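Colleague: I have a structure here, written as structure tokens, and I will follow up with some questions on it.
The values are calculated or read from the model by the stated rules, or taken from the named source; none is laboratory data. Since we're looking at a predicted model, the values are computed, not measured. Cβ placement follows ideal geometry from the backbone for every residue including glycine, while neighbour counts extend to all protein chains displayed.
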């Protein structure tokens, strides 16, 4: 699909951030089975872009790249593209932020992660400019390079995905406990803890600045 349509799948979402991208020429999918099924069927890598409404550089990259038909057409041709609001899906954001930090040594938003069709990350970064700048490659160069690697050096991609996933499971995601620990008492304790920071006079939580924190609620 090219950039000849007016609205993509994000038009059906409720997140203000996702709705901001509903008229991009990028064929965006929300996070879900439909995108992963298409990636498996067409044997395409996934481009996962994560951001949030108040993120300045998220808007910059949107204007510079996602709103440009030439870039969007390249994304649509080479990848299955998923857009995620980190405030709506902090669980997804946390996992792939750990991957980007492991790959690049730093993290931030917008976050750009390339995944195998089964969701394993193999390459990623944050903001990419439309042209090479300050040692950063242009976004279209990254798109072409990742696609070339996935097509012609698949074993290297699979090895990278396997090694990174193993590292994340060992160092970051080896958490858990007894299922019985997930009970009403835990939920009540979390509610009380968050409630202690509520500002009954001016609204919101804690002191200034009061950024929305929907992930906590």
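Colleague: Cβ-Cβ under 6 Å, sequence separation 6+ or interchain: first residue in region 84-101 and in contact (Cβ under 8 Å) with a residue 60 or more places away in the chain and at negative phi, partner outside any strand (DSSP E or B) and surrounded by fewer than 16 Cβ atoms within 10 Å (Cβ to Cβ). Which pairs?
Modeller: 87/214; 87/215; 90/215; 98/172
Colleague: While we're here: Which count do you get for residues in region 45-58 that are without any contact (Cβ under 8 Å) to a residue 24 or more places away in the chain and either crowded, with 19+ Cβ neighbours inside 10 Å or within 14 Å of the chain's Cα centre (by Cα) (or both)? Please lay out each step first, then the result.
Modeller: Taking region 45-58 as the starting set, the residues that turn out to be without any contact (Cβ under 8 Å) to a residue 24 or more places away in the chain are 56.
So of that shortlist, the ones also either crowded, with 19+ Cβ neighbours inside 10 Å or within 14 Å of the chain's Cα centre (by Cα) (or both) come out as none.
So the answer is 0.
Colleague: If we keep just the residues of region 158-191 that are farther than 30 Å from residue 217 by Cβ and modelled with pLDDT under 90, which is surrounded by the most Cβ atoms within 10 Å (Cβ to Cβ)? Walk me through how you get there before you give the answer.
Modeller: Kept after step one, since they are farther than 30 Å from residue 217 by Cβ, are these residues of region 158-191: 158-167, 170.
Adding the requirement that they be modelled with pLDDT under 90 leaves 167, 170.
Values: 167: 14, 170: 9.
By that ranking, first place goes to 167.
Colleague: Being surrounded by 13 or more Cβ atoms within 10 Å (Cβ to Cβ) and either in a helix (DSSP H, G or I) or over 13 Å from the mean Cα position of the chain (by Cα) (or both) is the filter here; which residues of region 17-33 pass it? Give the steps one after another, and end with the answer.
Modeller: Within region 17-33, the first condition is being surrounded by 13 or more Cβ atoms within 10 Å (Cβ to Cβ), and the residues that meet it are 17-31.
Of everything in region 17-33, those that are surrounded by 13 or more Cβ atoms within 10 Å (Cβ to Cβ) and either in a helix (DSSP H, G or I) or over 13 Å from the mean Cα position of the chain (by Cα) (or both) turn out to be 17, 18, 19, 20, 21, 22, 23, 24, 25, 26, 27.
Colleague: For region 126-157, give me the residue count where each residue is modelled with pLDDT of 95 or more and not in a loop (DSSP other than H, G, I, E, B).
Modeller: Qualifying residue count, region 126-157: 18.
Colleague: Another question, if that's okay. Restricting to region 130-146, name every residue that is in contact with a helix residue (DSSP H, G or I) (Cβ under 7 Å, 6 or more places away or on another chain) and either buried (at least 19 other Cβ atoms within 10 Å of the Cβ) or closer than 24 Å to residue 87 by Cα (or both).
Modeller: Once the filter is applied, which keeps residues that are in contact with a helix residue (DSSP H, G or I) (Cβ under 7 Å, 6 or more places away or on another chain) and either buried (at least 19 other Cβ atoms within 10 Å of the Cβ) or closer than 24 Å to residue 87 by Cα (or both), region 130-146 yields 139, 143.
Colleague: Continuing with this model, one more query. Out of everything in region 75-102 that is over 14 Å from the mean Cα position of the chain (by Cα) and surrounded by fewer than 18 Cβ atoms within 10 Å (Cβ to Cβ), what residue ends up being farthest from residue 28 (Cα to Cα)?
Modeller: This residue is 102.
Colleague: Next question, about the same structure. Output the qualifying pairs, or none if there are none: Cβ atoms under 7 angstrom, residues six or more apart or on different chains, first residue in region 128-140 and at positive phi and touching a residue at least 24 places away in the same chain (Cβ under 8 Å), second residue surrounded by 16 or more Cβ atoms within 10 Å (Cβ to Cβ) and part of a loop (DSSP other than H, G, I, E, B).
Modeller: none
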